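> Take a look at the following structure, please.
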Amino acid sequence: GRERAVDCHLLFRRSIFLPSAPASARLSIAASDQYRLFVNGRHVGDGPCRSDLPKAYVDTCECGEILRRGENVVSVLAHSTGVPQHGRNLSPGCLILSIVCRLPSGRTVRTGTDGTWRVIEAPQYGKPAPRRFFAVGFNERYLAGNEPAGWTLPGFDDSTWQNASVVDSPSTALLPRPI
């Protein structure tokens, strides 16, 4: 319900249960405008690479060494400015993520963004935040004491968070990030 919100920071998380540590795991992610990605509390990356609709660049990473048997958590801080910026067209807020885990048994476990993800407006970002000028985004007002402690870790209680809404992606072409 926030795909058209202005200066919107959201926290997303999803638990993944694995019967064994994976032999390999490949994670792919695309977002508008920005994301910060964590796996089991470990910062994995930021992005995305700038692109113009209808294409979106997808970042990929290997994360098999971070995952383990039992509960694992993929979490994302996503920020959508909701306004056009210098060098970037206006695009509705959207997060697309998939993870493919190959287990030692040969079995594959796939997880993607859907309505089972949990989401909350990020309480650690104060609103309204000032906008520097029309061509760029917003200054951050980060309130460290408001960040939910442990939200990127397994075992965190997200029962008060909402289920994520599934929206149509504004991108019709998902492409590997160019180097």
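The values are calculated or read from the model by the stated rules, or taken from the named source; none is laboratory data. It should be emphasised that the depicted structure is a prediction, and the values quoted were computed from it without experimental measurement. Note that each Cβ is placed from the backbone with ideal geometry, even for glycine, and that neighbours are counted across all protein chains shown. Each accessible area value is taken on the protein alone, full model and side chains, heavy atoms only, with ligands, DNA and RNA left out. Shrake-Rupley method; radii C 1.70, N 1.55, O 1.52, S 1.80 Å.
> Which value in nm describes the separation of the simple spin-label points at residue 46 and residue 131, placed 7 Å from the Cα toward the beta carbon?
Computed distance between label sites residue 46 and residue 131 equals 2.2 nm.
> Which residues' amide hydrogens lie under 5 Å from the amide hydrogen of residue 141, considering only partners 5 or more residues apart or on another chain, with H built in the peptide plane?
Distant-sequence amide H within range of residue 141: 126.
> Still on this structure: Keeping every protein chain in place, order 71, 121 by accessible area at 1.4 Å, biggest value first, i.e. largest first.
Details: 71 55, 121 80 Å².
In descending accessible area the options line up as 121, 71.
> Could you calculate the FRET efficiency of residue 153 with residue 174 from 1/(1 + (r/R0)^6), where r is the beta carbon distance between them and R0 is 35 Å, rounded to 0.05?
0.75
> Report the full-extension gain for the segment residue 24 to residue 61: residue separation times 0.36 nm, less the Cα-Cα distance, to one decimal in nm. Walk me through the intermediate numbers first.
Numbers: separation 37, 0.36 × 37 = 13.32 nm, distance 1.07 nm.
12.2 nm is the gain from fully extending residue 24 to residue 61.
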